[in-house]
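A short worksheet on the structure shown next.
The values are calculated or read from the model by the stated rules, or taken from the named source; none is laboratory data. Keep in mind that what you see is a predicted model, and the values were worked out from it rather than measured. In this analysis, Cβ positions are derived from the backbone assuming ideal geometry, glycine residues included, and neighbour counts consider all displayed protein chains. Surface accessibility is based on the protein's heavy atoms, side chains included, excluding ligands, DNA and RNA. Shrake-Rupley method; radii C 1.70, N 1.55, O 1.52, S 1.80 Å.
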Amino acid sequence: VAVDPADGSAALAPADGSAALAPAGEGSLTARVAAAVAQALVAGTWSRLKACEAADCHWAYYDRSPAGRGRWCSMQVCGARAKMRRYRAKES
């Protein structure tokens, strides 16, 4: 992930030598997003950021399911709709 030096900075933690990106001041949106992506990659949580599988939903969400196999942003809305569509298709 490339960050414009004017928008952000990289720093090394003296305790463990890990690197972190941080936006300079308020920073641009690009710098803040790049920093968040880099932190998620380092932490190993990037694969948990997903797009909802519902065709009419445009939400991204963080998958907190134990196995990391979540499919919908909300089980109560998008998941329920998908399951009802599948049920009705089997009944026809």
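What the table shows:
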| item | result |
| --- | --- |
| Tally of residues being touching an Asp or Glu at 6+ places or on another chain (Cβ under 8 Å) and assigned to a loop (DSSP other than H, G, I, E, B) across region 65-92 | 4 |
| Residues located in region 66-92, provided they are modelled with pLDDT of 90 or more and more than 27 Å from Trp46 (Cβ to Cβ) | Ala80, Arg81, Lys83, Met84, Arg85, Arg86, Tyr87, Arg88, Ala89, Lys90 |
| Test: Gly25 is at pLDDT below 90 and either open to solvent by less than 80 Å² (accessible area, probe 1.4 Å) or of a type in the set (Gly, Ala, Ser) (or both) | yes |
